[in-house]
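Here is the structure we will look at, set down as structure tokens.
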Amino acid sequence: MMKMALEEILSQTRVLVVDDNAALRGVLRVSLQAFGCARVVESGTVAQALEILKTQPVDLVITDWKMKPRDGLDLVSHIRSPMTSPCPGLPVIMLTAYDGTDRIRQARRAGVNAFLIKPITAAALASCLRDVLTGDSGYVETDSYVGPERRQETRTDSTGSASSLSASA
């Protein structure tokens, strides 16, 4: 079977961008649109994002980590809970200005599919989108969590994109 091009996939994908910085939301919206995504919804708060997830279909979330009063990890925790989320298996990309293995591990434990370190480049965003939307992330489902396998090693490539490697037994 032939893989679909990123533009074709994004043309059918509704993306929710969550960041308290309106300028960064705008940059992400423009980048996503340049990649072929016509359906981008923006939210400046975690509370607003959770309302959107209850009322509108969304295929992917891109969220900043550091926001106030609630942060991106709080959003991911709510998304991954089958008891509180209408879409616990939703793919999530986390953005942050903080790098480091501990941060990536913390995001992975929360249920993030991929991790981008700011400032992000168009190439890093495209690579991350391709990985998340076309890859097999090894989802698990329990009574309290639905999302990517959390017991994975993580590597950061030269673009600032962190991707996962399956942990060996």
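Rule-based calculations on the coordinates, nothing more; no lab input. Note that this is a predicted model, so its numbers are computed, not measured. Neighbour counts are summed over all protein chains in view; Cβ atoms, including those assigned to glycine, are modelled from backbone coordinates with ideal geometry.
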q = 0.11 Å⁻¹, segment 1-144: log10 I(q)/I(0) [Debye, one scatterer per Cα]:
-0.37
Using Cα-Cα distances under 8 Å and only pairs 6 or more residues apart, what relative contact order does segment 1-120 have, in percent?
22 percent
Considering every Cα-Cα pair within segment 13-54, what fraction, in whole percent, is farther apart than 12 Å?
54 percent
For a quick check: with amide H placed at 1.01 Å from N, whose amide H comes under 5 Å from Val41's, ignoring anything fewer than 5 positions away on the same chain?
Val15, Leu16, Val17
Going highest first, how would you order 107-113, 41-47 by mean Cβ packing within 10 Å?
107-113, 41-47
Taking 0.36 nm per residue of separation and subtracting the Cα-Cα distance, what length does fully extending Lys118 through Met83 add?
9.4 nm
Order by neighbour count: Leu16, Leu90, Leu75, fewest other Cβ atoms within 10 Å first, most last.
Leu90, Leu16, Leu75
